[in-house]
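Student: This is the structure I have questions about; it appears just below.
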Amino acid sequence: MKPDWQPDTRERQLIDVIAEARKAQGLSYDKLAQKTGLHRTSISLIERGHTHPTLLVYLKLCKALEIEP
């Protein structure tokens, strides 16, 4: 099922950077969830572009992955 919301180009780029950083650091969704306080399912939905996270969520992910937003 296709989501109602689709990330724009810049947001998709940020999502891709987050996903790549998570994978490069060898972090599972569970491990990143523990570092951020988010649910692992939420992280998966974000990476697949199926949910529209808030700026605070993006900042939590970037901080946990030690990357610039």
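The values are calculated or read from the model by the stated rules, or taken from the named source; none is laboratory data. All of these numbers come straight from a predicted model, not from anything done at the bench. Cβ placement follows ideal geometry from the backbone for every residue including glycine, while neighbour counts extend to all protein chains displayed. Please note that ligands, DNA and RNA were not included when accessible areas were found on the heavy atoms of the full protein model with its side chains. Shrake-Rupley method; radii C 1.70, N 1.55, O 1.52, S 1.80 Å.
Student: Using only helices, what value at 222 nm comes out for the chain when you add -39,500 (n - 2.57) per DSSP H run of length 4 or more and divide by the total residues, to the nearest 500 deg cm²/dmol? Please list the in-between numbers first.
Tutor: Values: 4 runs with 43 residues, N = 69.
For the chain, the value works out to -18500 deg cm²/dmol.
Student: List the aspartates and glutamates whose alpha-carbon lies under 13 Å from that of Lys35, not counting same-chain residues fewer than 8 positions away?
Tutor: Glu66
Student: Report the relative contact order of the chain, percent, no decimals, based on alpha-carbon pairs under 8 angstrom and at least 6 residues apart. All intermediate terms of the calculation are to be shown ahead of the outcome.
Tutor: Values: 52 pairs, mean separation 27.6, N = 69.
Relative contact order, the chain: 40 percent.
Student: Also: Given a 1.4 Å probe and heavy atoms of the protein chains only, how would you sort Val57, Val17, largest accessible area at the top?
Tutor: On the way: Val57 30, Val17 70 Å².
Descending accessible area places them as Val17, Val57.
Student: Sticking with this one: Pick out, in residue order, every one of the chymotrypsin sites (Phe, Trp or Tyr not before Pro) in the chain that is DSSP loop and has at most 14 other C-beta atoms within 10 Å; say none if there are none.
Tutor: Values: sites: Trp5, Tyr29, Tyr58; in loops: Trp5.
Hits after loop and neighbour filter: Trp5.
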